[in-house]
1. Over all distinct Cα pairs, what is the inverse of the mean 1/r for the stretch 324-472, reported as the Kirkwood hydrodynamic radius in Å?
2. Shape call for the stretch 39-169 from the C-alpha gyration tensor, a ≥ b ≥ c root eigenvalues: rounded (a/c under 1.5), prolate (a/b greater than b/c) or oblate?
3. Please express the shape of the chain as an equivalent ellipsoid: the semi-axes are the square roots of 5 times the eigenvalues of the C-alpha gyration tensor, given largest first in whole angstrom.
4. Packing-wise, with mean Cβ within 10 Å as the measure, how do 427-435, 233-241 rank, highest first?
5. I'd like the orientation of helix 71-87 relative to the chain: the angle between its Cα long axis and the longest Cα principal axis, in ° from 0 to 90, rounded to 10.
6. If I take every Cα pair under 8 Å that is 6 or more residues apart in the chain, average their sequence separation and divide by the length, what percent do I get for the relative contact order?
7. What relative contact order, as a whole-number percentage, does the stretch 324-472 give when Cα pairs under 8 Å and 6 or more residues apart are counted?
8. What angle do you read, to the nearest 10 degrees and between 0 and 90, between the alpha-carbon axis of helix 126-155 and the longest principal axis of the chain?
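None of the figures in this text is laboratory data; all of them are computed from the coordinates on show. Model, not experiment: these values are computed from the prediction. Cβ: placed from backbone, ideal geometry, glycine included. Neighbour counts: every protein chain shown.
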């Protein structure tokens, strides 16, 4: 959905109550754990990771948190990063600047993203995705350029090679892991559903398929079967959209990193040392990422547009009640269910008395306000027990499955009184009266018949003096 992407706005960010809150402490602790795992388990050349995920956590947090509240996050993450670097084997002269550069990279990526987009980050929008990718690449190149001298001295390798190691692993970390974290934030805040309407069983099956094929491809060194990974990744993308694409790529990255670093998998067949193979694997992940997530974003945007179109088709734009088409469709379905189950079923039709004179005396703006007010009252009083729809002009209909004729008439009487009540009238609204006709579905009759009966009852109410509820037994 266009306005329900995986992001959080600054207004929804947690407001700090002091210089340190649980937010910075949690982010710092998570950064420490992820960084240490990266260095210890998936690294080579004294801890250069295939995919450096720790900065993605900081990037995602700084995108969420207002810039005026960054200071405790920066302090917490620097302490965590410095400790992780020391425990991971880096000398102290490199551990401190590495921690600072990681923070600088994440902060630069967040600032560039905010500046380029000018609002909340919505990665389901292709233009936002491209700007996010550009900001991530620029930030990783910046930090790699500053870190290369320290890295070269710490691990005794050429400065160009150190630059490439830092740039490749950090870029992949920002691109692959940040979307997942933003998805988590959006799900946490209720802005998004991870499954996108799919079942948990289907999602688990798709991720199991990606995991199983990843193990099959990378656990052997006889056949170069990297191509087998593309179909399940694309299938997961099409079924679960951006969330599925991101998780699938991360699964491949984790499985492939492990087997590649122990000398297994199709990449182990290529000549060169382990570092060269890691570079190639990073290139493969980038190539796999570039088509998958943009395709998912296009699908997300298509889903959002389809949802908007469906909502517009099913909702009356002025009053927020059901549209005529939606009401008639629900009426037909409810009538069939009532006939099949033998349950009570009632329908009411009502319109605003002398509505033309309201427009003539007060103007169409007041007339629109009256219709909105009447629609809101109907949904509040009657809509809890059914569906309220606007059939056109000042005419509304109410569908009340499971309600007897007397019950429906009682609800409509409450609505009639509320419409003319001047005690709690919103500004810009004038009191009006309504004429209501109520009818119940006879067993074996079509839903259209009860609608016609309610219509006849409504006109009987009008001819009898208006401002009343008329029932048809």
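1. 15.3 Å
2. Because a/c hits 1.5 or more and a/b exceeds b/c, the stretch 39-169 counts as prolate.
3. Result for the chain: semi-axes of 62, 26, 16 Å.
4. The packing order, highest mean first, is 233-241, 427-435.
5. On a 0 to 90 degree scale, this one is about 40.
6. Computed over the chain, the figure is 12 percent.
7. The value is 31 percent.
8. Between the helix axis and the principal axis of the chain, the angle is about 20 degrees.
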